[in-house]
1. Which residues, taken from segment 407-431, are farther than 16 Å from ASP456 by Cα and among the acidic types (Asp, Glu)?
2. With PHE52, PHE91 as the choices, which residue is over 19 Å from the mean Cα position of the chain (by Cα), crowded, with 19+ Cβ neighbours inside 10 Å and assigned to a loop (DSSP other than H, G, I, E, B)?
3. If ILE237 satisfies every condition in (1) of a type in the set (A, V, I, L, M, F, W, C); (2) in contact (Cβ under 8 Å) with a residue 12 or more places away in the chain; (3) closer than 30 Å to GLY464 by Cα but one, which is the exception?
4. Please indicate, with yes or no, whether at least one residue in segment 221-229 is buried (at least 21 other Cβ atoms within 10 Å of the Cβ), more than 30 Å from PHE370 (Cα to Cα), out of contact with any strand residue (DSSP E or B) (no Cβ under 6 Å at 6 or more places or on another chain) and not assigned by TED's automatic domain parsing to the domain that holds GLY365.
5. Only one of ALA436, ALA441 is modelled with pLDDT of 95 or more and more than 17 Å from ASN254 (Cβ to Cβ). Can you tell me which?
6. Testing VAL322 on (1) surrounded by 22 or more Cβ atoms within 10 Å (Cβ to Cβ); (2) out of contact with any Asp or Glu (no Cβ under 9 Å at 6 or more places or on another chain); (3) assigned to a strand (DSSP E or B), one condition comes back false. Which one is that?
7. Output the residues belonging to segment 391-413 that are at pLDDT 95 or above, within 22 Å of VAL291 (Cβ to Cβ) and of a type outside the set (A, V, I, L, M, F, W, C).
8. All but one of (1) free of Cβ contacts under 8 Å to residues at least 60 places away in the same chain; (2) of a type in the set (A, V, I, L, M); (3) under 23 Å from ASP25 (Cβ atoms) hold for ALA55, so report the exception by its number.
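The values are calculated or read from the model by the stated rules, or taken from the named source; none is laboratory data. This one's a predicted model, so the numbers in the text were calculated from it and none came from an experiment. Here the Cβ positions follow ideal geometry from the backbone for every residue, glycine too, while neighbour counts run over all protein chains shown.
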Amino acid sequence: MKFLQAAALTGIWLSSTLVHAAPRDILAAFSSPSNNWDAGTTITLPDNATVFQTATVRWNSNDAPGFAIAITPATEEDAAKAVTIAKNFNFPFLATGGRHSSSITLATIRDGLAIDLSALNSVRINTTAPSVTVGGGTRFRQVVDPLYNAGFYLPIGSCPCPGMVGATIGGGIGRYQGLDGLIIDNLLSVRIVTADGRLITASKDSNADLFWAVRGAGANFGVIVSATYRIHPLSRINNGQILSGDFVIPAASNGSYYDILASLQGTIPVELGTISIAIWNETLSEATILVNWVWLGNEQQGRRFFSRLNALNPIQTNIYTVPWNRLTAAAAFGLGTAICEPVRYNGYGLNFRNLSSSTYQEVFGIMDEFWRRYPDGRTSSVEIEIFAPHAVRRVANDATAYPWRDTLGYTLYSFAWATAETERVGERYGIRVRDAFARTAGFNGPAVYVSYAHGDETLEQMYGSNTRRLLQLKQKWDPQNRFRFFNNIARR
């Protein structure tokens, strides 16, 4: 065990500002030799700025959680010990993997314990009973090469940098939904540290009720230190050669492009996944739409389908095949890699059943107005993700905690700012955009994918008819509500 603040071991306390944030008793508990920490486990205080930053820094710095001590466990058992110690002292804690969640609820933890899972990043492939087991801190980019080289793939998200488990437990949306469903539909089991510090397995055959809750609301039920997924042969997706099309659509063609998106209602091919991001183009000094379409089947069929965008006079076009393990880095002119760089934004999300060109045009106009009036907000964006829903809809809404299986698309609108005025205005625009999407979304009231939630939504807006069962299971598995710092389901 590496305790990177020697003063705490000797009983000397150097920083009076930390006395309130991290009481002497919790530090003594973590530094006790009786813990028998693994030699690779690291415990860090803010005084060691570089290492503490590594263990706690988030991709989005807005409304970030606050920590007074961090532990990076080298083993699953050490992660369980950390939860037990925090429980015994009633000390707030938050476990993190890729640290890409952006809900404003994360800011509700102050002066807490960070359980940094980044050292739990193993990838173990079983080719006999095709599956992969990953550590709780493994990122998508660490999974793709081993799987591809073994001849397999797995549904993943749209960017290489998020933590795989963190993206999974909200549901796990992405380009593969038509063929393989949500990521949770490919999850076979998890090793999870419960609120009382036990390290157990949850699957359809073991602690099945907990496994149900994990698949959609996992952050509220434990610390997942490893997860096992079903994997699929590359032959299922054109031998792993993916057709990807990147386009930049000018403002003048936004209506025509959104008409094409709306035409996918009831007709979207099982092979198709689309991501469309309204952005401000500094070079052109106008709003544009950055588009990535992905086709998981026959290349020639995909190229014919993509050709409908040629009539929109795209400013840029790049249609290419790319190996499955390189898609997230290459897509959207490399945006998937670029957006892994640190940001500060305020996010709002919403699901929709209906595809409405008029709504998308309205939102494009709202954003154009915002960008022109507030130039320091021009790194803001509105993303529309429409993925083939075929395999997702084959699973019942109550089969997992994630309830919105008749969703056709998702929005995520990210407002950035450089001045306090634009921050205030951006909040209003965020609500305005969300309300515009909600009017034609087709749900009985707003519905939101929990990983895209802003943090002000009701439980029913996140979990629909599954809310009651979730609350019952929360009382069973976490009656003290220790796992409460990400879209807390026991807040009422």
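1. Once the filter is applied, which keeps residues that are farther than 16 Å from ASP456 by Cα and among the acidic types (Asp, Glu), segment 407-431 yields GLU421, GLU423.
2. Working: PHE52 fails: assigned to a loop (DSSP other than H, G, I, E, B).
Unique residue meeting the criteria: PHE91.
3. Every listed condition holds for ILE237 apart from (3).
4. yes
5. Going through ALA436, ALA441 in turn, the sole match is ALA441.
6. So the condition that VAL322 fails would be (1).
7. Scanning segment 391-413 gives THR407, GLY409, TYR410, THR411.
8. (1)
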